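Structure first, then comments.
Just so you know, all these numbers are worked out from the coordinates, no wet-lab data involved. Just so we're clear, the structure is a prediction, and the values are computed from it rather than from any experiment. Positions of Cβ are backbone-derived with ideal geometry, glycine not excepted, and every protein chain shown enters the neighbour counts.
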Amino acid sequence: MRLLIILLTLLMSSLAQAYDFKLALLKGNSSVFDYEISVLKLALKNAPGQHSLTIVPVNDSNQLRILHSLKNNSGDFNVFFTGFSQAREDDLLQVDFPITRGLLGMRIFAIQQDNQELLAQITNIEQLKQQVIIGSGIGWPDTAIFQYHGFRVVETNYDGLWDMLKANRITAFNRGINEAYIEIEQQNDKDPEGSLMIETHLMVTYPFDYFFYLSRANPHLHKTIKEGLEIALENGDFANNFNQHPKIQHALKQVQANKRRVFALDNPLLSHRIKKLSAEYWYQAAD
């Protein structure tokens, strides 16, 4: 029924326009973000009109600068995906559709191999807070979530976090399961003699995900992505892409969540809008 309403609305609207979407990609790392890019492509394919997508690598900036440029509509890009925060929802046009179905909120840790025994002995969340120094990015919502719950957190930029991990200045670098395995492969390819690994015993979870954000000057672009994703959800394209994408399947297979000790946290950053999203948007282990 919802799909019928969407289609009828589109038929009654004016002729669909063709829009040029320019996606800012942090560090230009298309391998890490291949799935997220595929979701935007899926939205544009399902939306009415013939739209184009250009990937704009952003190698010399961080998320805060990208979001500032997006807010002012002053960059070489007009869409960006990043983790939810209330400020981002307030400042920008947010597409209320969790891109990874919440996998980003399933956090595991990149560590030095020598620290696996330490983490394997952790049996409760207080031990994790007291014994582990967690690395997290400047301005990342994850950083605020871990700090809110009393974890020991060290902040710096993304590349700096890998350097700190290699130098044992942090115990663990928190990553979403959809990011962790391909990133550790990339790090080990850079340094075959290195000793980094994905920790195998623990997981911290909280409701969280990437969302698409656009300038408030571009409501037509926001509307196109939103409509395309809703149609893809209804016709099964979104589920098929999620279930079949190699990156997602690799992450779900590798993480072995049922063998981990899982600590579930509240997310104090969630807005009323995100809390209201239907359960169908979020991944369930039984899916």
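A few notes on this one:
- Going by neighbour counts of Cβ atoms within 10 Å, the residues HIS149, HIS272 line up, fewest first, as HIS272, HIS149.
- For Rg and Dmax of the Cα atoms in Å, calculated from these coordinates, the label among [x] 18.6, 57; [y] 19.8, 70; [z] 19.3, 62: [z]
- Two-site label geometry, ALA257 and HIS220: point separation in nm, points 7 Å out along Cα→Cβ: 4.0
- With Cα atoms, 0 to 90° folded angle of helix 219-235 axis to the chain main axis: 80
- Order of VAL58, VAL262 - criterion: other Cβ atoms within 10 Å of each residue's Cβ, fewest first: VAL262, VAL58
- Distance between the pseudo-spin-label points of ILE37 and LEU277 (7 Å out from Cα toward the beta carbon): 2.3 nm.
- Using C-alpha pairs below 8 Å separated by at least 6 residues, the relative contact order for region 103-205 is 47 percent.
- Shape annotation for region 72-205: C-alpha extents along the principal axes are 47, 34, 25 Å, from largest to smallest.
- The distance from the alpha carbon centre of region 234-255 to that of region 153-211 is 22 Å, rounded to a whole number.
- When you restrict to C-alpha pairs under 8 Å that are six or more residues apart and normalise by the size of the chain, the relative contact order lands at 28 percent.
- Once the Cα-Cα distance is subtracted from the 0.36 nm per residue extended length, the ARG152 to ASN73 segment shows a gain of 24.8 nm.
- Relative to the dominant Cα principal axis of the chain, helix 34-46 is inclined by about 10°.
- For region 173-180, 3J(HN,Hα) per residue [Karplus equation, 6.51 cos²θ - 1.76 cosθ + 1.60, θ = phi - 60°, Hz, x = Gly/Pro]: 10, 6, 9, x, 5, 6, 10, 4
- Rounded to 0.05, the FRET efficiency of the ASN168 and ASN29 pair, given R0 = 30 Å and the Cβ-Cβ distance, is 0.75.
- Cα gyration tensor, region 224-287 - rounded (a/c under 1.5), prolate or oblate: oblate
- With Cα atoms, 0 to 90° folded angle of helix 246-255 axis to the chain main axis: 30
- For the pair region 90-139 / region 28-55, the C-alpha centres are spaced 26 Å from each other.
- In order along region 139-145, the phi-based Karplus estimate (6.51 cos²θ - 1.76 cosθ + 1.60, θ = phi - 60°) of 3J(HN,Hα) comes to x, 6, x, 4, 4, 5, 5 Hz; Gly and Pro are listed as x.
- Taking Cβ atoms as reference points and 15 Å as the exclusive limit, the residues near ILE66 contribute a net charge of +1, counting Lys and Arg as +1 and Asp and Glu as -1.
- Given charges at beta-carbon only (K, R positive; D, E negative), |dipole| of the chain in Debye: 500
- Here the chain carries DSSP beta bridges of which approximately 45% are antiparallel, counting only pairs with both residues inside.
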